[in-house]
């Protein structure tokens with residue numbers, strides 16, 4: 001295997017020093033303009049500017065500083081480009097800002113004659129050059145059955161060091177698998193961004209003296225990831241070394257200078273900004289300082305040359321990639337193209353359909369017909385719009401008339417007059433449109449509860465507050481007492497108790513009164529005692545507290561100057577706040593219900609109803625007390 005000799009290492013050090021001095025000396029110079037005499041090919045490899053053959057400061061200015069290459073015989077009669085006469089350049093990827101190079105592979109092999117390990121360890125120094133080892137395109141790759149290889153920066157005093165262990169348990173190679181590089185016979189690890197120097201060495205604590213008949217050598221190198229696939233023969237023979245001739249390829253990222261695009265663009269005219277072509281763009285390097293250039297969309301070529309970015313003629317491209325669906329309709333434009341149907345085939349879409357011949361009548365016939373049709377369509381459209389507007393006005397007037405009629409019948413005017421007399425009243429009147437909008441026109445998805453006294457919907461964005469509200473439509477109301485609704489609702493608005501859901505307002509523009517309450521988002525008492533799994537929040541102490549709060553709320557309702565009878569006290573209608581305080585809900589409609597209910601319109605919930613109510617259908621405070629007794633029984637008996 002080839003050895004990395006001392007003379008080569010000394011040459012590298014000398015080149016680094018000289019290159020650094022040159023870089024300092026020319027740092028403020030404008031970018032050179034290459035001569036047409038520059039050699040742009042070495043063997044089979046294209047050498048695009050800013051790269052060039054020969055010294056960068058030659059009269060022909062064939063390259064930018066640091067991008068000069070040498071073209072020499074590789075010893076086998078073929079010309080190849082080299083960086084600093086040492087590192088072979090396999091190709092330049094101008095658009096990606098990358099280059100492919102070949103670097104030496106480090107080896108660590110057992111010598112049966114000397115019974116020692118022979119080593120050939122490698123290091124590479126790109127400091128002071130535009131190159132950085134690509135962190136996305138390369139992997140540090142180690143092959144062997146008993147080896148630990150390290151990769152690090154200069155003299156182990158830098159900021160980077162890593163390693164990779166590759167083992168075959170007790171020399172058993174039967175577990176090796178083609179394509180698998182997970183630490184058994186093969187190991188890979190990534191490198192960091194901005195790396196310009198690396199060296200490779202092996203841990204002498206690992207050697208192949210005990211398995212040399214199976215796996216004599218260990219190999220390590222920085223390798224282009226897309227160019228490497230593990231083969232089991234790599235760990236048991238020299239096949240890995242031989243596959244690349246000891247010089248595997250890797251990717252290097254390169255960039256112009258050490259400034260960002262923004263800074264470089266601000267240089268005065270004739271400065272060092274390298275994106276000189278029209279229709280060129282600048283991109284900051286993703287791997288260290290500097291930038292690269294590319295042609296804008298629709299252009300291709302070399303953005304580092306004044307006239308380097310040429311318009312892409314999509315119309316004369318590969319016929320298999322012809323951009324228009326109809327042949328012969330493509331028209332090239334700067335940076336793009338158009339698909340235009342011919343004048344004698346004006347109908348259709350040349351981009352994705354067909355062009356059809358115009359079979360229409362001549363203009364002297366079509367123009368008068370078109371004018372007549374235009375006027376006729378315009379007239380019909382005008383009449384149609386006016387008819388729609390007229391119908392909408394009628395519907396709107398009927399809608400408003402119906403709202404006003406309901407408002408007057410439900411005692412709305414009396415309620416407004418009483419509210420003017422009241423001081424500091426927070427009760428609010430909502431119009432019908434606000435309620436319908438808040439409930440999505442009473443959509444079934446907005447229903448959150450339904451009891452004997454009415455259906456409850458959740459209302460969103462009813463006013464400037466973003467908090468939701470509970471909106472109840474009362475049912476079973478007394479038609480003969482419509483004018484008293486407003487008075488009764490004003491009484492309800494004065495009901496303020498910590499354990500009663502607050503009545504916020506109402507709307508009397510519906511056939512049945514609509515009440516708006518505060519929204520309590522927590523679960524019900526029924527859920528707590530029948531469905532809650534956590535016994536710690538269902539203790540006797542908590543239950544007694546809830547019972548006391550319910551009793552306090554009912555006593556408050558019954559003790560008002562104008563008593564309020566709930567009529568449907570049950571565990572489902574007892575809401576619980578976040579601190580498990582009781583909130584009596586679903587009341588209010590009882591005050592505006594008929595006093596002459598028959599058996600066919602019984603309200604409330606069977607099991608909770610007072611038996612006397614079922615006999616005479618007269619709601620009293622005793623009816624609520626009886627229902628509370630059933631709730632109390634639930635609280636005390638359900639585990």
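The values are calculated or read from the model by the stated rules, or taken from the named source; none is laboratory data. These numbers come from a predicted model, not from an experiment. Ideal geometry is used to build each Cβ from the backbone, glycine not excepted, and the neighbour counts take in all protein chains shown.
Apart from one condition, residue 241 fits all of (1) within 34 Å of the chain's Cα centre (by Cα); (2) assigned to a helix (DSSP H, G or I); the exception is (1).
Quick check: anything in the range 336-354 within 27 Å of residue 275 (Cα to Cα) and not in a strand (DSSP E or B)? No, the range 336-354 contains no residue that is within 27 Å of residue 275 (Cα to Cα) and not in a strand (DSSP E or B). Return yes when residue 104 is in contact with a strand residue (DSSP E or B) (Cβ under 8 Å, 6 or more places away or on another chain), in a loop (DSSP other than H, G, I, E, B) and either under 30 Å from residue 297 (Cβ atoms) or outside the structural domain of residue 295 (by TED's automatic domain parsing) (or both) and no when it is not. Yes, satisfied. Name the one entry in 297, 310 that is over 23 Å from residue 62 (Cα atoms) and surrounded by fewer than 20 Cβ atoms within 10 Å (Cβ to Cβ). Unique residue meeting the criteria: 297.
Condition first: within 19 Å of residue 505 (Cα to Cα), in contact with a helix residue (DSSP H, G or I) (Cβ under 9 Å, 6 or more places away or on another chain) and assigned to a helix (DSSP H, G or I). Can you find one or more residues in the range 395-404 that meet it? Outline the logic, then answer.
As a first pass, look at the range 395-404 and keep what is within 19 Å of residue 505 (Cα to Cα): 403-404.
Those left that are additionally in contact with a helix residue (DSSP H, G or I) (Cβ under 9 Å, 6 or more places away or on another chain): 403-404.
Imposing the further condition that a residue be assigned to a helix (DSSP H, G or I) reduces the set to 403-404.
Yes, because at least one residue in the range 395-404 is within 19 Å of residue 505 (Cα to Cα), in contact with a helix residue (DSSP H, G or I) (Cβ under 9 Å, 6 or more places away or on another chain) and assigned to a helix (DSSP H, G or I).
Against the condition outside any helix (DSSP H, G or I) and either surrounded by 10 or more Cβ atoms within 10 Å (Cβ to Cβ) or modelled with pLDDT under 85 (or both), how does residue 371 come out, does it pass? When the stated conditions are applied, residue 371 does not pass them. Take the conditions (1) part of a loop (DSSP other than H, G, I, E, B); (2) touching a residue at least 60 places away in the same chain (Cβ under 8 Å); (3) crowded, with 22+ Cβ neighbours inside 10 Å; residue 234 misses just one of them, which is (1). The set of residues from the range 237-247 being touching a helix residue (DSSP H, G or I) at 6+ places or on another chain (Cβ under 8 Å) and buried (at least 21 other Cβ atoms within 10 Å of the Cβ) comprises just one member, 240.
Scanning the range 596-612 for residues being modelled with pLDDT of 85 or more and buried (at least 18 other Cβ atoms within 10 Å of the Cβ) gives a total of 3.
Yes or no: the range 137-152 includes at least one residue that is assigned to a loop (DSSP other than H, G, I, E, B) and out of contact with any helix residue (DSSP H, G or I) (no Cβ under 7 Å at 6 or more places or on another chain). There is no residue in the range 137-152 that is assigned to a loop (DSSP other than H, G, I, E, B) and out of contact with any helix residue (DSSP H, G or I) (no Cβ under 7 Å at 6 or more places or on another chain).
Of the residues making up the range 198-214, those that are more than 49 Å from the chain's Cα centre (by Cα) and touching a residue at least 12 places away in the same chain (Cβ under 8 Å) are 207, 208, 209, 210, 211, 212, 214.
Mind checking whether some residue in the range 539-560 is over 18 Å from residue 449 (Cβ atoms) and under 40 Å from the mean Cα position of the chain (by Cα)? No, because not a single residue in the range 539-560 is over 18 Å from residue 449 (Cβ atoms) and under 40 Å from the mean Cα position of the chain (by Cα).
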